[in-house]
1. Output the residues belonging to segment 73-106 that are farther than 22 Å from residue 61 by Cβ and in contact with a His (Cβ under 8 Å, 6 or more places away or on another chain).
2. Could you say which residue among 207, 230 is under 27 Å from residue 159 (Cβ atoms) and free of Cβ contacts under 8 Å to residues at least 40 places away in the same chain?
3. Under 9 Å between Cβ atoms, which residue pairs at least 6 apart in sequence (or on different chains) link something in segment 130-155 that is outside any strand (DSSP E or B) with a partner that is of a type in the set (Asp, Glu)?
4. Give the residue that is farthest from the chain's Cα centre (by Cα), with candidates limited to residues of segment 136-165 that are among the small types (Gly, Ala, Ser) and over 19 Å from residue 126 (Cα atoms).
5. Any residue at all in segment 104-121 that is more than 17 Å from the chain's Cα centre (by Cα) and without any contact (Cβ under 8 Å) to a residue 24 or more places away in the chain?
6. Is it the case, given these coordinates, that residue 49 is out of contact with any Pro (no Cβ under 7 Å at 6 or more places or on another chain) and either part of a strand (DSSP E or B) or among the polar types (S, T, N, Q) (or both)?
Amino acid sequence: MGPRPNRFLATLLAALAFATPAAAQHHHQRALATPNNDLWLTNTVGIEYQIDPQWSFHLESQLQIDRDITRLRGLEVRPGFEYAFSPHWAAAAGYVQYQRYPAPLRTLRGPFQDILHRNQFGKINFAGRLRNEELFFENTALLVRTRVLAGIRIPIGESPWEFAFSDEIFINLKVDGTGREAGLHQNRTYVGFGRPVGEHLKMSAGYELDTYEAHGMYRNVHQIRIGFAYRLN
């Protein structure tokens, strides 16, 4: 009878030792999940260089702070080239990297391709973009998705200010190994204002409602967005 309690205690301790890391990992994953109705601050800086009348280089970087604007969440860097093949139509391609923080979260990187349409009705500017992204995870999984964006900019009277509205839909096409589901995944609706602050610099500020699906549940993120766009020539 004497050894049995010792064997039972050893078995119990071994089971706890095995279960604790799994429980801790599960708790860590839940802690990293974005809370519903979280408040983010997103800062965007864009740089454009006109190479010739048709070709241009674009670089966009985006820094996000989440958890009610208290924690660094991620950095997005997107360099690319655009070719205008008519006054209203253009194509673009380049590379994007999404660097997530804290470190255990995955990094996504890969190429993207755009078809862009820009038009004007009086002083009102319309823009549309069809974007395809092929994003590679660190575990070699591949996410292929399409993003459809439509936007409008309206001057406010005779002032330098303009009103901006846009909506963007994300559709996941290939999700094998990513832990995500195919189909409609995300929607972003933005309203804001912008104005030039110099010959080459333009600033904007606004609010974006980001609704996305994760593991069968929908969450909302409220983003305060501040942007700067600089033309080098």
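1. 88, 89, 104
2. Details: 230 fails: free of Cβ contacts under 8 Å to residues at least 40 places away in the same chain.
Residue meeting the stated conditions: 207.
3. Within 9 Å, the pairs are 141/176.
4. So the residue we want is 159.
5. Initial filter on segment 104-121 (more than 17 Å from the chain's Cα centre (by Cα)): 104, 115-121.
Imposing the further condition that a residue be without any contact (Cβ under 8 Å) to a residue 24 or more places away in the chain reduces the set to 120-121.
Checked against the condition, which is being more than 17 Å from the chain's Cα centre (by Cα) and without any contact (Cβ under 8 Å) to a residue 24 or more places away in the chain, segment 104-121 yields at least one hit.
6. Numbers: out of contact with any Pro (no Cβ under 7 Å at 6 or more places or on another chain): yes; either part of a strand (DSSP E or B) or among the polar types (S, T, N, Q) (or both): yes.
Yes.
Just so you know, all these numbers are worked out from the coordinates, no wet-lab data involved. All values derive from a computational prediction rather than experimental measurement. Every residue, glycine among them, receives a Cβ derived from its backbone with ideal geometry; neighbour counts consider all protein chains shown.
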